[in-house]
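Read through the structure below, which is laid out as structure tokens, and then see the notes.
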Amino acid sequence: MKQTAIALAAGLIFGAGLAVSGMADPQRVQAFLDLFGAWDPTLAFVMGGAMIPMAIAWRIQRRMATPAAAGKFELPGTTGIDRRLAIGALIFGAGWGIGGLCPGPAIADLAIAPAPAAMFIAAMLAGMVVHKFAFR
């Protein structure tokens, strides 16, 4: 129950941060990615600002024996950059540039602009299904 409450609170804070910062606005994201047109640098400050608390969190985590709401840390391992990762990053970046959304903001947009967000999420889920069956 404690983990669920913490996850819910973190999700609400994250979603609110996306909405307030403009990261959930596809036009702002596309303007940020338009380096040679009407470039909008505000999201660079959002991303840069997100690095500060994350750097602090990693330092705190290294000093903790166990997390506050779980029995152990479950951190992903580090792997090298391979062909699948590079292709996935290219597809993600192209989708982000075309749609102006990525998974987190798309879910947050369900509350702000449900129809466009639902179309994006449907396409994202279809891509996940294709990936699952293509890479068995």
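The values are calculated or read from the model by the stated rules, or taken from the named source; none is laboratory data. As the structure is a prediction and not an experimental result, all values here were calculated from the model. Cβ atoms come from the backbone with ideal geometry, glycine included; neighbour counts cover every protein chain shown.
Each residue in the range 12-69 was checked for being of a type in the set (D, E) and over 22 Å from A118 (Cβ atoms), and 2 of them qualify. Beta carbons closer than 9 Å, at least 6 apart along the sequence or on distinct chains, pair a first residue in the range 47-71 that is among the aliphatic types (A, V, I, L, M) with a second that is part of a loop (DSSP other than H, G, I, E, B) and modelled with pLDDT of 85 or more for M64/F73.
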